[in-house]
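One structure is given here, and the rest of the page talks about it.
Derivation of every value follows stated rules applied to the coordinates shown; laboratory data play no part. Nothing here was measured: the structure is a model prediction, and the numbers come from that model. Using ideal geometry, Cβ is built from the backbone for each residue, glycine included, and neighbour counts are taken over all protein chains shown.
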Amino acid sequence: MASKWSKSLIPTARQVPAEAEVPSHQLMLRAGIIRKLGAGLYDYLPLGLRSLHKAMAIVREEMGKAGAIEVLLPAMVPIELYQKTGRDQAYGDNLFRVKDRHGRENALGPTHEEIITELVGAYVESYKQLPLTLYQIQTKFRDEFRPRFGVLRSREFQMKDAYSFHTAVEGPGGLNEIYDAQYAAYERIFKRCGLPFLTVEAESGPIGGSASHEFMVPSPTGEDTIFESDKGNYAANVEKCETGPRSATLDAPPVGELAKVHTPGCPGIDDVAKFMKTKPKNMLKSLVFEVSQITQEQMGQLRLKASQTGRATSEGFFAEYVIVIVRGDHDVNEGKLNTLIKSKFGNNVSINLAEPNEAKEDGFAIGYVGPQTAISHPGVFVFVDPDAAQGGFWVTGANEPDHHVKYFNWKRDVIDPLGPDASQKVVVVDIRNAVEGDPSPKGDGGLLRPRKGIEIGHVFKLGDKYSKAMGVTVLLPDNSRINPIMGCYGIGINRILAAAIERDSPGMRGHDENGIIWPAAIAPYQVVITTIRHEGTAAETADRLAKELEAGGADVLIDDRDERPGVKFKDADLLGIPVRITIGDKALATGQVEVKARNAPAAAKAELIAIDVAAKTVLEMLKGL
RNA sequence: CGGGGUGUAGCGCAGCUUGGUUAGCGCGCUUGACUGGGGGUCAAGAGGUCGAGAGUUCAAAUCUCUCCACCCCGACCA
């Protein structure tokens, strides 16, 4: 049955609620799709739920085609499961915790690797049962620092999360095969949802794992920064984005005498630059990181506190602190740093910005640290970005509070004093976030260009991180046991809706000055029938057309309200239903109705079509929307 | 968590500086009339713990204190 507007709950608003900043948020509120209940908490009204369900249906179909099987796990899970993998710590305050009446602690799941692994551990005993891909569509909870942009970053949201289990990475049934199948399914899903998207290499973050890709809808309102090579053969999230070779020299001759400058109350780059009348790009920024070793059992909890500045461990030489030096106008990339640290010190270490007071006790003048620290702290490693490993007029910290130096020179002030240790202690390496114009890592002369994107999907190759931590094994043909290899694959369903409204690519605009322009596949209705006066023949014709359209598979909303035509037209545009059929006396007199696509230019006239063929014509039209 | 800001009718806002009738305006809502192809006109209405609590005062939306919620920027993150 077609829906009647007057019988539904579609509270449209003329004015934009003050809290909404981005177009999708504003329009979802104005069109009566969502309503805010609290920070990052939204009611989905009838229109919103319809779209959500449509996106879910597409996801389910494509998951099925990719061989994934649907399950439903509890949203509330015992905290012990997350403790087993250390993610109760890794997720930190983002994890919602609830105590039950017996005082038992539970988490509201932010993502379900542990829970699915537990399930598979219980029932999957043999390699014969693998590969296995399970998925669910479920409400996830994350206690975001700062929920914002409406449903783009909310504290409760619908996620499709799939998990695959394998005995091997390569070969038939291996992780790579399923990863590729999920990747392909994602491309089909987003294409069907009418989203212009690109896939980028990504950092895996607290989920962990070896490889990962994100699916991004380009949009100026996106929170992620993507870099693309202008040769079109490389794209990555800034968190992951590598750069091609950049030249570096620590041998450049000094351009002036090292001079200490009193810079009272200027710990920040910008303050110092202003104070010394120079630019951040002429400064060296030194960040102090603390390296800690972590045992497999107590991941994320045990921190080794060394008494000296450096010491020997089973891993070999072990630094307690690492200094990272980048140009003042650049940012340290913690993902790159993490990878670097792990390759140097082993997988059991983690790295964090040093706690200022602790570091001060250990002799670091936080806020005024410079590369010369490497000399006074024998155990400290120094990683230098190539752009910082140059000659020039460098301003940097003097390693004492309220003082900086100018004319710092690598060779004279660090390399030579260190002597033979220098090459081991001072390492030049790509350690910063990419910036516009950096060389592409493909090394083909391409240059990196930035843009913003909304992350709608993310796929990961997890390896055995979770199966190992959870103690899950399967038997192989030779009767040996392994921890299954895993992949995981997430889609933010709510974000599909917001991204559809935000989208702005040629021929794929998600909104204009009049309202939303839904892609037909996830529009709450495909057709809205607007009667100029809802009575008599017009009302009957509306019902008749609705019936024919529904027989053809389209969802129809009949605007049966006793409103003036102007109001109905404005609301129809605001809602963004792909096709509007207008029924008025003039056309009706000649047996016709008017048909207009929402994405047609506002000035374009509606097409007059005979009632008998109207449904057929509209159904045909919808295929292209 | 740091910085900034806002809480007055469903939505958007004024009033607060300088305390003083019954707290206003626009949109929306109700009723009636006229109207009827891009957010109509007129008339009559309904709707408020002024975020909460405490204090000062003869008197508090307005001044003071405490708390709460929300928004923006940042640090951190799907």
In whole angstrom, the spacing between the Cα centers of the range A:445-503 and the range A:578-612 equals 47
Dividing the helical contributions, -39500 (n - 2.57) per DSSP H run of n ≥ 4, by the residues of chain A yields a 222 nm value, nearest 500 deg cm²/dmol, of -7500 deg cm²/dmol
Taking only Cα atoms of chain A, the Rg to Rh ratio with Kirkwood Rh works out at 1.06
The range A:1-149: Kirkwood hydrodynamic radius (Cα pairs, Å) comes out at 18.6
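Stretch A:GLU187-A:VAL16 to full length: gain in nm at 0.36 nm per residue minus the Cα-Cα span? Numbers along the way, then the final one.
Numbers: separation 171, 0.36 × 171 = 61.56 nm, distance 3.39 nm.
Working it through step by step, the gained length comes to 58.2 nm.
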In nm, the gap between the two label points placed 7 Å beyond Cα toward Cβ at A:GLU436 and A:MET76 is 5.0
One point scatterer per Cα, no solvent, Debye formula: log10 I(q)/I(0) for the range A:422-576 at q = 0.15 Å⁻¹ comes out as -1.00
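Could you tally the net charge around A:GLU19, taking each other residue with its Cβ under 13 Å from the Cβ of A:GLU19, Lys/Arg +1 and Asp/Glu -1? Before the final figure, lay out the partial values.
Details: positive: A:ARG30, A:ARG35, A:LYS36, A:ARG148; negative: A:GLU21.
Surrounding charge for A:GLU19 is +3.
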Whole-Å distance linking the alpha carbon centroid of the range A:355-401 with that of the range A:138-209 is 39
Within the range A:9-36, the residues whose backbone N lies under 17 Å from a label point placed 7 Å from the Cα of A:ARG564 along the Cα-to-Cβ direction are A:14-15
The simple spin-label model distance between A:ALA589 and A:GLU170, using points 7 Å out along Cα→Cβ, in nm, is 7.8
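If the only charges are +1 at each Lys and Arg Cβ and -1 at each Asp and Glu Cβ, what is the size of the charge dipole of the range A:479-597 around the Cα centre, to the nearest 20 debye? Walk me through the intermediate numbers first.
Working: 14 positive and 18 negative charges, 103 e Å.
With Lys and Arg at +1 and Asp and Glu at -1, about 500 debye.
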So A:GLU607 and A:ARG146, fully extended at 0.36 nm per residue minus their Cα-Cα distance, gain in nm 161.3 nm
So for the range A:339-401, using the alpha carbon gyration tensor with a ≥ b ≥ c as root eigenvalues (a/c under 1.5 gives rounded; past that, a/b versus b/c decides prolate or oblate), I'd call it oblate
Restricting to Cα pairs under 8 Å and 6 or more apart, the percent relative contact order of chain A works out to 18
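Enter the per residue convex hull volume of the range A:525-622, computed from alpha-carbon coordinates, in Å³ rounded to the nearest integer. Don't skip to the end; give the middle numbers.
On the way: hull volume 8.3 nm³, N = 98.
Expressed per residue, the convex hull around the Cα atoms of the range A:525-622 is 84 Å³.
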Scaled by the rule-of-thumb 2.2 N^0.38 Å, the alpha carbon Rg for the range A:71-163 gives a ratio of 1.18
One would report the antiparallel percent of DSSP beta bridges in the range A:525-622, rounded to the nearest 5, as 45
Computed from the beta carbon distance with a Förster radius of 41 Å, FRET efficiency for A:MET1 and A:THR139 to the nearest 0.05 stands at 0.90
extent check for the range A:389-461: Cα max minus min per principal axis, descending, whole Å, gives 49, 32, 29
The size of the Cβ-based charge dipole (Lys, Arg +1; Asp, Glu -1) of the range A:69-186 about the Cα centre, to the nearest 20 debye, is 540
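Compute, for chain A, the length of the dipole vector about the Cα centre, with Cβ point charges of +1 (Lys, Arg) and -1 (Asp, Glu) only. Units Debye, rounded to 20.
Details: 74 positive and 82 negative charges, 197 e Å.
So the magnitude is around 940 debye.
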Ranking A:VAL426, A:ALA236, A:LEU27 by how far each Cα lies towards the positive end of the charge dipole of chain A (+1 on Lys and Arg Cβ, -1 on Asp and Glu Cβ), the top one is A:LEU27
The answer for A:LYS140, listing residues at least 5 apart or on another chain whose modeled amide H is closer than 5 Å to its amide H, is A:PHE157, A:GLN158, A:MET159
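Mind ordering A:463-474, A:570-581 by average Cβ neighbours within 10 Å, highest first? Don't skip to the answer; put the middle values down first.
Working: A:463-474: 19.7, A:570-581: 24.1.
Sorting A:463-474, A:570-581 by mean packing, highest first, produces A:570-581, A:463-474.
Determine, for each peptide in A:498-509, A:248-259, the mean count of other beta carbons within 10 angstrom over its residues, then list the peptides with the highest first. Don't jump to the answer; show the numbers that get you there.
Numbers: A:498-509: 19.6, A:248-259: 13.2.
Highest mean packing first, the order is A:498-509, A:248-259.
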Once both label points are put 7 Å beyond Cα along the C-beta direction, the A:GLU358-A:ARG509 separation in nm becomes 5.4
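What FRET efficiency comes out for the pair A:ASN479/A:GLN129, r = Cβ-Cβ distance, R0 = 22 Å, nearest 0.05?
Details: r = 16 Å, r/R0 = 0.71.
Calculated transfer efficiency: 0.90.
If packing is taken as the average count of other Cβ atoms within 10 Å, what order do A:279-288, A:17-26 fall into, highest mean first? If you can, show how the numbers build up before the last one.
Values: A:279-288: 20.3, A:17-26: 17.1.
Answer by packing, highest mean first, reads A:279-288, A:17-26.
For chain A, give me the percentage of DSSP beta bridges that are antiparallel, rounded to the nearest 5 percent. Please list the in-between numbers first.
Numbers: 95 of 118 bridges.
In chain A, approximately 80 percent of DSSP beta bridges are antiparallel ones.
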Here Rg/Rh (Cα, Kirkwood) for the range A:324-473 equals 1.03
